[in-house]
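The values are calculated or read from the model by the stated rules, or taken from the named source; none is laboratory data. Computed from a prediction, not measured in an experiment: that's the story for all the values here. Please note: Cβ atoms are built from the backbone with ideal geometry, for glycine as well, and neighbour counts cover all protein chains shown. Protein only, heavy atoms only, side chains kept; ligands, DNA and RNA dropped before computing areas. Shrake-Rupley method; radii C 1.70, N 1.55, O 1.52, S 1.80 Å.
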Amino acid sequence: MKRIIIGLVVAAVTLTGCQRKPARSDEAAGMKEMQGIPGMPGMPAAGADTSGVPVNRSEAQRLGVTFARATERPVRSSIRAVGVLKYAEPNRVYVNARVGGWVERLYADYVGKRVERGDQLLALYSPDLVSAQEEYLLARRLKDDTLAAGARRRLTLWDIPPDQIDSLESRGTAQRTLVLRAPRSGEVTEKMVIEGQAVRAGDNLFQIADARVLWVDVAIFEQDAAAVRVGTPATITVDALPGRTFRGSVTFIYPQLDEKTRTLTARVAVTNVDGALRPGMYATAALATAGRRAVSVPLEAVLPTGTKDIVFVNRGDGRFVPRDVRVGLRGDSLVEIVEGVKPGDEVVASATFLLDSESNLAAAIQGLMLQMGMGLNMGGMQMPAKEGERRP
């Protein structure tokens, strides 16, 4: 029917230059006859309010048009961000030498080796260490408690465990090497020493990190920054482990925004009890924001036009009229309506573009028909004569 109407209008406009200007009575009679054509969009009876688009519910269901009511409810959204897994900084520790010497035996001999707290890392020979042990033993033999206490404290400051000092006293002879032990459990992530190497006091020898808790720094876009808080729960997924999800939460938000990327960095801590996650993996974090209660409609109910947002609202008699709205927070499935819709209003929830095209088409045809009926004459257009009448 629409195609027939459009064809008639185009044909009428084309023929305007070929017809004489009709009398006013003939023009009015022709318009009255066209208004009586059933289903003619834009040509209602005089006085009828035909704003909006009439909707047949059964036909709308066949076309996939659905309806919903504006309701006050929480508008929740999940923010997706990406980052790279890394060791948590509090779970990393350096092992260094407190005294100079030579590495006589290396127990942690490769990067990635798992060590437990107290495990042997290396045996270090140090002449200074041997002298300090002999000084302590001499003080004990001389029963000089002041000298013995000073020598013992010196050994303690060199990181010699108390059990080794006690065994030194019971043994009565100085030990040639000092055994360095792991201060915590984890993996050897850095090894800066090899067997036989000379080391100086203060040199870092190993780095040990625990992977039971990992960090991922994710980039949050500026417009989403207000929805992220410390404690926001997060779901972590990695491409290397399809189908698996890991739980975490935001533990820190960096205070400064990146001026180049316009993003805010948030730190997410994720538990890794079974060790399936590895530092360096590319991770995707879904942050579940708390949201807020507001008047909302389904996300697809809002039709953006580029300069404004439109929602088709039932005016109460089955006709849906386009209404300008002001939107707020956009969630995963809902959008907040700040202005333009009240709770309880029925709106078109999907396939809104169908009603928008129907509304635009009806408005265009109505404008053309009104021009024809308001005496604009469309360049001398004459209405078709009734059957049996002669055309002047």
* With charges only on Cβ, +1 for K and R and -1 for D and E, what is the dipole size of region 121-203 about its Cα centre, in debye, rounded to 20? -> 160 debye
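Multiply the residue separation of LEU63 and SER167 by 0.36 nm, subtract the distance between their alpha-carbon atoms, and state the gained length in nm to one decimal.
On the way: separation 104, 0.36 × 104 = 37.44 nm, distance 8.81 nm.
Computed gain between LEU63 and SER167 is 28.6 nm.
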* Overall dimensions of region 173-275 by Cα: Rg and Dmax, Å -> 20.4, 70
* Asked: Given a 1.4 Å probe and the protein chains all in place, what does the accessible area of ARG267 round to, in Å² to the nearest 10?
  -> 40 Å²
* Asked: Are there chymotrypsin sites (Phe, Trp or Tyr not before Pro) in region 49-111 that DSSP marks as loop and that have at most 12 other Cβ atoms within 10 Å, and which are they?
  -> TYR110
* Calculated from backbone phi, Karplus (6.51, -1.76, 1.60) coupling profile of region 223-240 in Hz, x at Gly/Pro -> 6, 9, 4, 5, 8, 9, 10, 5, x, 4, x, 9, 10, 9, 10, 10, 5, 6
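Can you tell me the length gained on complete extension of the stretch THR307 to LEU241, counting 0.36 nm per residue apart and subtracting the Cα distance? List each step's numbers first, then the result.
Numbers: separation 66, 0.36 × 66 = 23.76 nm, distance 4.34 nm.
Result: 19.4 nm gained on full extension.
In the P(r) worked out for region 51-164, what percent of Cα pairs fall beyond 23 Å? All intermediate terms of the calculation are to be shown ahead of the outcome.
Working: 4137 of 6441 pairs.
So the portion of pairs separated by more than 23 Å is 64 percent.
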